[in-house]
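Each reported figure results from applying straightforward, stated rules to the coordinates on display, with no laboratory input. All values derive from a computational prediction rather than experimental measurement. Glycine also receives a Cβ, built like all others from the backbone with ideal geometry; neighbour counts cover every protein chain displayed.
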Amino acid sequence: KNEVEQSPQNLTAQEGEFITINCSYSVGISALHWLQQHPGGGIVSLFMLSSGKKKHGRLIATINIQEKHSSLHITASHPRDSAVYICAVGLWGAQKLVFGQGTRLTINP
Amino acid sequence: EPEVTQTPSHQVTQMGQEVILRCVPISNHLYFYWYRQILGQKVEFLVSFYNNEISEKSEIFDDQFSVERPDGSNFTLKIRSTKLEDSAMYFCASSEGNEQYFGPGTRLTVT
């Protein structure tokens, strides 16, 4: 069983739509990370969460520790948001990150 | 803004050859990591390094792999005798706490 599961695996939407990507995990974590990977392969950290909600521009990330679930929302989506969005968790007592398989988001103009 | 850098961006090598992937972490960070991503698969942890020693490693990180911080700035990953299945994107990351900052990656192609 994967420790980190994301859904959906692929998501195609029209420009302007509200986007939600979900992440569930099965282990105790110290923090949850949302990352963005562009076609060139580089990884950019978007958020690190251990509770509640964070907002940065059009991106919002929430986490429910009791339910072991996090969501990444994108408001007013734009074609430049097209990328792979990855959920990763830091495990208690460890420094490594465990990654989900990623959600490939395509925003069409 | 400080960033993690990696060189080279792309390395092509023949099976059995040794490769060294280089990383320059963010200068005040104390924790360093290597991850890899085989094409089409998820990112996997290889090794973490703190206080000049390996603090954690995965089952992937066998005797063919080694890491070193040869000076105050570089952090290297060496693969002694590359195999075809070592072809992947290798990411370095550094942190001073929980938040890890990733480099742009080195694409390793083993032929």
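Which distance in nm do the two modelled labels at residue B:28 and residue B:78 give, with both placed 7 Å along the Cα-to-Cβ direction?
Output for this residue pair reads 3.2 nm.
Which pairs, out of A:54/B:57; B:57/B:83; A:54/B:78; B:57/B:78, put more than 26 Å between their alpha-carbon atoms? Before the final figure, lay out the partial values.
On the way: A:54/B:57 31 Å; B:57/B:83 19 Å; A:54/B:78 38 Å; B:57/B:78 14 Å.
Over 26 Å apart, Cα to Cα: A:54/B:57; A:54/B:78.
Can you sort B:90, B:33 from fewest to most other Cβ atoms within 10 Å of each residue's own Cβ? Display every interim value, and only then the final one.
Details: B:90 22, B:33 28.
Ascending number of Cβ neighbours within 10 Å: B:90, B:33.
Of chain B, which part is the longest with no GluC sites (Glu not before Pro) in a loop (DSSP not H, G, I, E, B) and with at most 16 other C-beta atoms within 10 angstrom? Don't skip to the end; give the middle numbers.
Numbers: sites that count: B:3, B:18, B:59, B:96, B:99.
Here the longest segment lacking exposed loop sites spans B:19-58.
How big is D for the protein assembly as shown, in µm² s⁻¹ as a whole number, if Stokes-Einstein is applied with the Kirkwood radius of its Cα pairs at 20 °C and 1.002 mPa s?
On the way: Rh = 18.0 Å.
Estimated via Stokes-Einstein, D reaches 119 µm²/s.
What's the center-to-center distance, using Cα atoms, between segment B:30-84 and segment B:1-16 in Å?
If you average the Cα positions of each part, the centres end up 13 Å apart.
Which of these, A:33, A:78, A:56, has the largest mean-square fluctuation under a Gaussian network model of chain A (Cα springs below 10 Å)?
Answer for the Gaussian network model of chain A: A:56.
Test of understanding: ordering A:92, A:34 by Cβ neighbours within 10 Å, fewest first, what list do you get? Write out the running numbers ahead of the final one.
On the way: A:92 10, A:34 24.
By the 10 Å Cβ count, ascending: A:92, A:34.
Where a Cα-Cα gap under 24 Å defines reach, which lysines qualify for residue A:53, not counting those fewer than 8 residues away within the same chain?
A:68, A:96
What FRET efficiency, computed as 1/(1 + (r/R0)^6) with R0 = 35 Å and r the Cβ-Cβ distance, is obtained for residue A:14 and residue B:5, rounded to the nearest 0.05?
The calculated FRET efficiency here is 0.40.
What is the mean projected area of the alpha carbon convex hull for chain A, to one decimal in square nanometres? Walk me through the numbers before you get to the answer.
Details: hull surface 26.3 nm².
Computed as one quarter of the Cα hull surface, the answer is 6.6 nm².
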